[in-house]
Amino acid sequence: MLQHFSYKPMFAGGNLPGWTFSFFYQNQRYTGDYMPDGTINWTGETPSDEEKVKKMIHELMTFHVYE
């Protein structure tokens, strides 16, 4: 489970091209960029179970940004 998930637009005004995000997972902090096409670019460490974490991020972004 992701904890303390937060995101914000990359640029002022909230328009695309994407969002930056951060969260804690298994007691480690992760950060990255979420692009409009769903691509995730990690800006730090990559989680060991990356595909599972990406799925959780996609679900959260769909709920918070695209709803």
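A short reminder: the numbers here are calculations on the coordinates, not readings from a lab. All of these numbers come straight from a predicted model, not from anything done at the bench. Cβ placement follows ideal geometry from the backbone for every residue including glycine, while neighbour counts extend to all protein chains displayed.
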- Range in the chain, longest, excluding exposed chymotrypsin sites (Phe, Trp or Tyr not before Pro) [loop by DSSP; at most 12 other beta-carbon atoms within 10 Å]: 12-65
- Rg/Rh for the range 1-63: what does it come to with C-alpha atoms and Rh from Kirkwood? 0.94
